[in-house]
Amino acid sequence: MTRTRFLGTGHYVPSKVVANDDLAKVKTTSDEWIQQRVGVRQRHYVDFEKEPMGASDLAVHAARAALLDAQVSKDEIDLIIYATLSPDRAFPGDGVLVQAKLDIPAGVPALDVRNQCSGFLYGLAVADSFIRQGTYRRVLLIGSEVQSTGLDFSDRGRDVAVIFGDGAGAVVLGPSEDEQAGIRALCLHADGRFANELHTSYPSSAEMPRLTPERLASGVQYPQMNGKTVFKHAVSRMPEAILEVLSKAELTAKDIDLFIPHQANLRITDLVQRRLELSDAQVFNNIQDYGNTTAASIPLAIDQAAKQGRLKRGDLLCLAAFGAGFTWAAAAIRW
Ligand code: UT7
C-alpha cells in the first residue's frame with residue numbers, strides 16, 4: 001500500500017519583528033492583554049519600506065528551503081498546492097505566481113486552496129489522494145500569508161489585529177511503500193452556517209459596485225470576527241477531529257509523540273491539550289513568536305519542530321486546525 005510521506009520542510013518569515021508594545025503605540029491595547037488572552041509576544045510583518053513582498057514571495061523562500069531539505073529539484077515537482085487567505089491578487093491564484101517565480105516547468109498544475117486556517121490540512125488531503133492514486137509523485141504544498149496589509153490598526157480592529165502575523169511554510173510530499181510510514185489518517189470538516197462568524201466580505205461580487213467609498217470608510221475590507229464563538233467551537237471541534245483520526249489509525253492520544261495545532265490562540269491549544277490529556281512535551285507551540293499565520297502556521301511549526309529535533313523519524317505527529325468557514329481538519333502522521 002502506498003502512503004504519503006513528508007520528504008522535506010521549509011519556512012520563511014519576513015525580518016521585521018513587531019512586539020506587542022509596538023502595537024500598543026498605534027491602538028489601545030497592551031502587552032499584558034495580548035499575552036494573557038492570546039499568548040503572542042511578537043509577530044513578523046513584511047517591511048514595505050525596505051523590502052515589499054507579497055504572500056507569493058514569502059512562499060518562494062519557504063518552498064526553496066523545503067526543496068533543499070527534500071533534496072528534490074524544482075524540475076521534479078509535478079503538482080503545486082497553495083493555501084492562503086491573503087493572495088497577492090484576486091486572480092490568478094498565487095500557485096501560478098510561485099510556479100513562475102521558482103521556474104517550475106510549464107504544464108505542471110497549480111491548485112489554490114481557500115480554506116483559511118484549515119487550508120494546509122485541506123491541501124494535504126488533496127495531495128495525499130493524488131499521491132496514493134499514483135497521479136503525482138512530488139507535490140509542493142505551501143501555506144503563505146501576508147496578513148499585515150489587511151488588518152485594521154485602529155481600535156475598531158484591535159481584537160483581530162493583535163492575533164495575526166506574516167509567514168510561510170512549505171513541504172515536499174511523495175509516495176512511500178512503507179505501510180507504517182507517512183500519513184496514516186486524515187479528516188476534513190466544514191459547517192457553512194457559521195460563515196459570518198469570521199470573514200472578510202469586501203470587495204464582494206454579490207454587490208454592484210463591489211466596494212463603495214462609504215463601505216471602505218466603515219472598515220468592511222478588514223476581517224470581522226466573533227472571537228468568542230470561534231473560540232468555543234475551536235476547543236470542541238479540534239479534539240473531536242484529533243480523536244477521529246486517531247481512531248481511524250487505531251491509535252490513542254497516549255501514542256502521540258508531537259501534537260502541532262494550528263497556532264490560533266495559546267488558550268485554545270491549552271484547552272485542547274487538557275481535553276486530550278497531553279503533556280507539555282507532547283505539544284508544540286510557536287504562536288508566542290509568530291502570532292497566527294493562518295494557512296502557514298502548521299507547516300511553519302512542522303519545519304521548526306523537525307529542525308529543533310522535536311520531531312524524529314518514526315514519531316507519531318498529530319495535526320489539527322480550526323478556522324473561518326467554519327472549517328476544521330486533523331491528520332495523524334508517522335514521521
Ligand atoms: O485562526 C482561527 C481564527 N481565530 C481564532 O481562533 C480566535 C478565537 N478567539 C479568540 O482568540 C479570542 O476570542 C480573542 C483573543 C479574539 C478575544 O479574547 P476574548 O477573551 O474573547 O475577549 P473579548 O473579545 O470578549 O474582549 C474582552 C475585552 C473587551 O472589553 P470589555 O467589553 O470587557 O470592556 C474588549 O473590548 O477586551 C477588549 N479587547 C481588547 N483589549 C485590549 C479586545 N481586544 C483587545 C485588545 N487589547 N487587543
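The values are calculated or read from the model by the stated rules, or taken from the named source; none is laboratory data. The shown structure was predicted, so the numbers you read here are calculated from the model rather than taken from an experiment. Because the Cβ atoms are built from the backbone with ideal geometry, glycine has one as well, and the counts that use them run over all protein chains shown. Surface areas here come from the heavy atoms of the whole protein model, side chains and all, with no ligands, DNA or RNA. Shrake-Rupley method; radii C 1.70, N 1.55, O 1.52, S 1.80 Å.
Restricting attention to region 214-269, which residues are among the hydroxyl-bearing types (Ser, Thr, Tyr) and within 16 Å of the ligand (Cβ to nearest atom)? Within region 214-269, Tyr222, Thr229, Ser236, Thr269 qualify. Residues considered: Leu124, Leu102. Of these, the only one that is modelled with pLDDT of 95 or more, farther than 30 Å from Glu32 by Cα and buried (at least 24 other Cβ atoms within 10 Å of the Cβ) is Leu124. For Tyr82, the requirement of being among the aromatic types (Phe, Trp, Tyr) and closer than 29 Å to Ala332 by Cβ is met.
Name the residue that is surrounded by the most Cβ atoms within 10 Å (Cβ to Cβ), counting only residues in region 4-17 that are assigned to a strand (DSSP E or B) and aliphatic (A, V, I, L, M). Filtering region 4-17 for residues that are assigned to a strand (DSSP E or B) and aliphatic (A, V, I, L, M), the one surrounded by the most Cβ atoms within 10 Å (Cβ to Cβ) comes out as Leu7.
The number of residues in region 18-35 that are within 21 Å of Thr293 (Cβ to Cβ), open to solvent by 10 Å² or more (accessible area, probe 1.4 Å) and among the polar types (S, T, N, Q) comes to 2.
When you look at Arg184, is it more than 16 Å from the ligand (Cβ to nearest atom), farther than 23 Å from Gly143 by Cβ and basic (Lys, Arg), yes or no? No. Taken together, the residues in region 51-68 that are touching a residue at least 24 places away in the same chain (Cβ under 8 Å), open to solvent by 30 Å² or more (accessible area, probe 1.4 Å) and not acidic (Asp, Glu) amount to 4. Cβ-Cβ contacts under 8 Å between residues 6 or more apart (or on different chains), taken from a first residue in region 88-114 that is farther than 20 Å from Thr149 by Cα and part of a loop (DSSP other than H, G, I, E, B) to a second residue that is at pLDDT 95 or above and β-branched (Val, Ile, Thr), are listed as Ile104/Ile77; Ile104/Ile80; Ile104/Val98; Val108/Ile77; Val108/Ile80; Pro109/Ile80. Please verify whether region 226-247 includes one or more residues that are assigned by TED's automatic domain parsing to the domain that holds Arg267, open to solvent by less than 60 Å² (accessible area, probe 1.4 Å) and not in a helix (DSSP H, G or I). No, region 226-247 contains no residue that is assigned by TED's automatic domain parsing to the domain that holds Arg267, open to solvent by less than 60 Å² (accessible area, probe 1.4 Å) and not in a helix (DSSP H, G or I). Report whether or not Ala330 is in contact with a Cys (Cβ under 6 Å, 6 or more places away or on another chain), under 17 Å from Leu121 (Cβ atoms) and more than 14 Å from the ligand (Cβ to nearest atom). In short, yes.
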